[in-house]
Amino acid sequence: MTRPDAPERGSVLIARQPVFDRDLVVVAYQLVGQATDLADVFGELDPSTATGRLLNDVFLEMDIETLTGGRPVLVPATTDLLLAGALDPLPPSLATIVLDAGAAADERVAAALTALRERGHRIGLGEAREGDPRLAALPVDFATVTAGPEPGKVRRDAAAVRRAGLALLLSGVDDEADFRLARSLEADELTGAFFRTSTLVRGRRLDASRANHLRLLALVQAEEIDFDAVEGAIKHDVALSVKFLNYANAAFFGWRSRIESIRHGLVLLGAQGVRHWVSLTSLARLGAGLPAEVVASAVARARFAELLAERTPIDVAPLDAFLSGMLSLLEAILHEPAERLLERISAGPAVRAALLEGSGALGDLLAIVTAYEEGDLASVSERAEAHGITSGMLFGSYLAALTWVDEQLPATQ
């Protein structure tokens, strides 16, 4: 059912993808953007103009800090954009400039980059390679090398970056082999889809505490929650009881009197509030020891799916949408097959079909959400249009999900 206040924001779809440091802490984001109708929005404009339009949408027409949590964005820069001064208004604290592979290593480019560095911008080279003249000729701080099917070439390109005295950002780190390569190269930063796979969790064990959280997740997925069973599971863990009472008494709820009992808190939060808290807290515990972005991504995906189910015409129950989004990453967090997790959680047939077969409206919704996160925005547009989901609904729900995670997740930890 479409809500009358469903957000309609802009004509460009934008997704963020994290950039990690060596400790797997998110230090920046790459943005992937696409006009929903290139003919109408960009017409026959060249790539520099299109990128300039995207930058305008991101930095001038929306709250960029909400989208990135205050972390900087890697801004791709063509020679034309650089020399035209189009990057000059961007705040250095929120914009890291990455010169594209086609940029020339000439004096005008060097001067423009120097001016940006003097204003406080961090500068990088995109797609650096062995023998790249830009490594020595341009004033930059780091260079990007892309992981790929030829590790030997990647190593040679990375060595050239090191000889130039620059930091190394390895992009395209999508699987276990890429991740091992990044570690062996001692990449200063890395980006890719590896953190959404089981690469980081092999050998993790489901101890008693994690098992209790998995049980809690199962309890709150029923349409009618058994509050007696939930109360018992929370009371079984003293630390969890304290976390729940602290969360229930948090200032953003604005209760008139302090909540002193688990049952009182469960009643006041209601079914949806309890589901959210259990999901947030359980994912944080199940993902303990993993990069924080793993848990944040699972929660954001679940909330994004839930908001789309609430705000758009797609025929999907919000509860099923939230659960499917969460479970789609819980498999990687626990390194456990989806089939077994679905049995543990006692998921219904729609959720099982969506996760195991990608079928039904819920399967379509999950495909939209995951494709959006991965930056496959052409696929997103095609699937969304089939269900009457507009670009405004998509981006508004995506941004609202990120905001919700930033507000709610710290309160559960």
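Within the assembled protein chains, the solvent-accessible surface assigned to residue 395 is about 10 Å², based on a 1.4 Å probe.
Here is how the number arises for the chain: DSSP H runs of 4 or more residues each give -39500 (n - 2.57), the sum is divided by the residue count, and the result at 222 nm is -16000 deg cm²/dmol.
Candidate membrane-span-like segments in the chain, meaning DSSP H helices with Cα atoms spread over at least 20 Å of their own axis and a Kyte-Doolittle mean of 0.0 or above, are 262-286, 292-311, 318-334, 360-374, 391-408, with no membrane implied.
Label sites at residue 163 and residue 260, each approximated as a point 7 angstrom past Cα along Cα to Cβ, lie 7.4 nm apart. By a 1.4 Å probe calculation restricted to protein chains, residue 71 has an accessible surface near 90 Å², given to the nearest 10. Counting only DSSP beta bridges with both residues in the chain, the antiparallel share comes to about 40 percent.
Give me log10 I(q)/I(0) at q = 0.09, 0.10, 0.11 Å⁻¹ for the chain, Debye formula, one equal scatterer per alpha-carbon, no solvent. Scattering profile of the chain, log10 relative to I(0): -0.61, -0.74, -0.88.
At the residue level, residue 132 shows approximately 10 square angstrom of accessible surface with a 1.4 angstrom probe and all protein chains present. Starting from one equal scatterer on each C-alpha and no solvent at all, send me the Debye-based log10 I(q)/I(0) for region 74-130 at q = 0.19 Å⁻¹, two decimals. One equal scatterer on each Cα of region 74-130 leads to -0.58. Report, in whole Å, the centroid distance computed from the Cα atoms of region 361-413 and region 296-352. What the calculation gives is 13 Å, centre to centre. Between residue 353 and residue 224, the contour length at 0.36 nm per residue exceeds the alpha carbon distance by 44.3 nm.
The values are calculated or read from the model by the stated rules, or taken from the named source; none is laboratory data. Since this is a predicted model, take the numbers as computed values, not measurements. As a convention, Cβ positions derive from the backbone with ideal geometry for all residues, glycine included, and neighbour counts pool all protein chains shown. When the accessible area is computed, the model is the full protein with side chains, heavy atoms only, and any ligands, DNA or RNA have been set aside. Shrake-Rupley method; radii C 1.70, N 1.55, O 1.52, S 1.80 Å.
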